[in-house]
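What follows is a short report on a single structure.
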Amino acid sequence: MQLIHTIAELRAALGTPGGCAFVPTMGNLHDGHLGLVRQAAGHGLPVVASIFVNRLQFAPHEDFDRYPRTLQRDADLLRGAGCDIVFAPAEAELYPAPQAYKVQPDPALADILEGRFRPGFFTGVCTVVMKLFACVQPRVAVFGKKDWQQLMVVRRMVEQFALPIAIEAGETRREASGLAMSSRNAYLSGAQRAQATELVGALRALAARWREAPHDLAAAEAQALEALAARGWQPDYLTVRRRADLLPPAASDEALVVLGAARLGTTRLIDNVEI
C-alpha cells in the first residue's frame, strides 16, 4: 500500500483516469469505514481511500481543531482492509489558495435537516468531494448510509454534473449495543456510550408509531423529540422522510427513512433507520 500526500504523486501512481474505486474519509477510522473499503475492493479495481479533515464543512464553533488525526493508525487499518493507496494531503495541498469557487447544492435537499442546523455544511462537503473526485478520478465511490442526507446530496451532485462515477451506498455498521459506528463516538464517556443507543431506539420507536398512525406524523415526531429530551439529550430533529427526496411522506408512501440528530453532552450524533 502506498501513502501519498500530493496530487502529482497520486496521479502518477494511478495512471489511467477512471480506473479505481474510492472511499473518502476524514480519518479516525472505525470498522464502518473499513467495510466501505472492503466493498470498494469487491469491484476488482485499485482502491483509494482519502484522509482529509475538511475545514470547509465545519462551522467556527464546531470541532475542526479537536477532530482526531490518527494517520498512522488509519493507514495500518486500511492496509489490512485491502486499500491500495491512501491519499492524505495537507490542507495547503488541497487548498493552496482560499477556495473561492465552491459547489452550491440544491437548497431543497441541502438546506433541510442537517443543512438547517449546520448552515453551509453541504456546500463544504460538495466542494471537497468534487475536488477529491478531480484528484482521484474514480470509476466508483462508496459512501456510508449513516450519513444518509450526505449520500443523497453527493449522488445528486454527480447526476447534475454528469460525472462518470457510480455512487454506491454502504450499510451502516453498528456496535453490538446497536450504536452506529462513528468517529465522534470517541468523544463519549463510558456512561454516555451506554446511553447513546437511545438515539437509534428513539428512531425505531418513531418508525413503529408511523406504521400505526401514519396520518399523525407531526404529533409522533413531537412526542419522539420530547421523549429523547427527557432523557437528557438535546435533539435537533427526529423525523420520517421519503428516501428518494427527503420530503415529508404521505400516508400511502413507502420506502421511507427515519432520521435523527441529537447532542449527548457535547457530542452530536446522527443516525437513521429505513422503513
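The values are calculated or read from the model by the stated rules, or taken from the named source; none is laboratory data. It should be emphasised that the depicted structure is a prediction, and the values quoted were computed from it without experimental measurement. A quick note on method: Cβ atoms are made from the backbone with ideal geometry, for glycine too, and the neighbour counts reach across all protein chains shown. What goes into the accessible areas is simple: the full protein's heavy atoms, side chains included, and nothing from ligands, DNA or RNA. Shrake-Rupley method; radii C 1.70, N 1.55, O 1.52, S 1.80 Å.
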Residue check for Ala8: closer than 22 Å to Thr127 by Cβ, free of Cβ contacts under 8 Å to residues at least 12 places away in the same chain, more than 21 Å from the chain's Cα centre (by Cα) and not in a loop (DSSP other than H, G, I, E, B): yes
Filtered residue count, segment 60-84, keeping only those that are of a type outside the set (S, T, N, Q), open to solvent by less than 80 Å² (accessible area, probe 1.4 Å) and either in a loop (DSSP other than H, G, I, E, B) or touching a Cys at 6+ places or on another chain (Cβ under 8 Å) (or both): 8
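Is there a residue being part of a loop (DSSP other than H, G, I, E, B), of a type in the set (Asp, Glu) and either open to solvent by 40 Å² or more (accessible area, probe 1.4 Å) or at pLDDT below 95 (or both) anywhere in segment 221-235? Walk me through how you get there before you give the answer.
To start, the set of residues in segment 221-235 that are part of a loop (DSSP other than H, G, I, E, B) comprises 231-233.
Within this subset, residues satisfying the condition of being of a type in the set (Asp, Glu) are none.
Taking every residue of segment 221-235 in turn, none turns out to be part of a loop (DSSP other than H, G, I, E, B), of a type in the set (Asp, Glu) and either open to solvent by 40 Å² or more (accessible area, probe 1.4 Å) or at pLDDT below 95 (or both).
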Close pairs from segment 210-222: first more than 13 Å from Pro248 (Cβ to Cβ), partner hydrophobic (A, V, I, L, M, F, W, C) and open to solvent by less than 40 Å² (accessible area, probe 1.4 Å), Cβ under 7 Å, at least 6 apart: Ala213/Ala220
Residue count for segment 244-265, restricted to those that are touching a residue at least 60 places away in the same chain (Cβ under 8 Å) and either in contact with an Asp or Glu (Cβ under 9 Å, 6 or more places away or on another chain) or open to solvent by less than 10 Å² (accessible area, probe 1.4 Å) (or both): 7
Residue among Gly80, Gly42 that is farther than 30 Å from Leu246 by Cα and either over 15 Å from the mean Cα position of the chain (by Cα) or modelled with pLDDT under 95 (or both): Gly80
Pick from segment 11-56, criterion assigned to a loop (DSSP other than H, G, I, E, B) and aliphatic (A, V, I, L, M), ranking: surrounded by the most Cβ atoms within 10 Å (Cβ to Cβ): Leu29
